[in-house]
Amino acid sequence: MTQPKNKSDICPLCQRQNGCAVIEGKELKDCWCNHTTFPPKKVVEEGTLDLKACICQSCIAKLREEAELGLKRVD
């Protein structure tokens, strides 16, 4: 039997592992999020997201690209 996944380690956008170092028991300074740029907060807040969990690297990259292109999310 597999262990149920901790909801805080799942990206609220794509439902995949978010790779959060803190959830994995590591230091915050070791997390990937300290080495990337994020889109404006407004881009993330416009959607209906469960922001109790971190967004993964792939989804951050997509949000950043959408913001740079001036696209608005409709999900």
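The values are calculated or read from the model by the stated rules, or taken from the named source; none is laboratory data. Source: prediction; values computed, not measured. When we count neighbours, we look across all protein chains shown, and the Cβ atoms used for this are built from the backbone with ideal geometry, even at glycine. For the accessible areas, the whole protein counts, side chains as well, though only heavy atoms, and no ligand, DNA or RNA atoms are used. Shrake-Rupley method; radii C 1.70, N 1.55, O 1.52, S 1.80 Å.
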Would you tally the residues in segment 60-71 being assigned to a loop (DSSP other than H, G, I, E, B) and either at pLDDT below 70 or surrounded by 10 or more Cβ atoms within 10 Å (Cβ to Cβ) (or both)?
1
Name the single residue, out of those in segment 28-59 being modelled with pLDDT of 90 or more and assigned to a loop (DSSP other than H, G, I, E, B), that is surrounded by the fewest Cβ atoms within 10 Å (Cβ to Cβ).
31
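Do we have residue 25 as farther than 29 Å from residue 70 by Cβ, open to solvent by less than 100 Å² (accessible area, probe 1.4 Å) and modelled with pLDDT of 80 or more here?
yes
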Take residue 75 and decide whether it is open to solvent by 100 Å² or more (accessible area, probe 1.4 Å), within 22 Å of residue 7 (Cα to Cα), acidic (Asp, Glu) and at pLDDT below 90.
yes
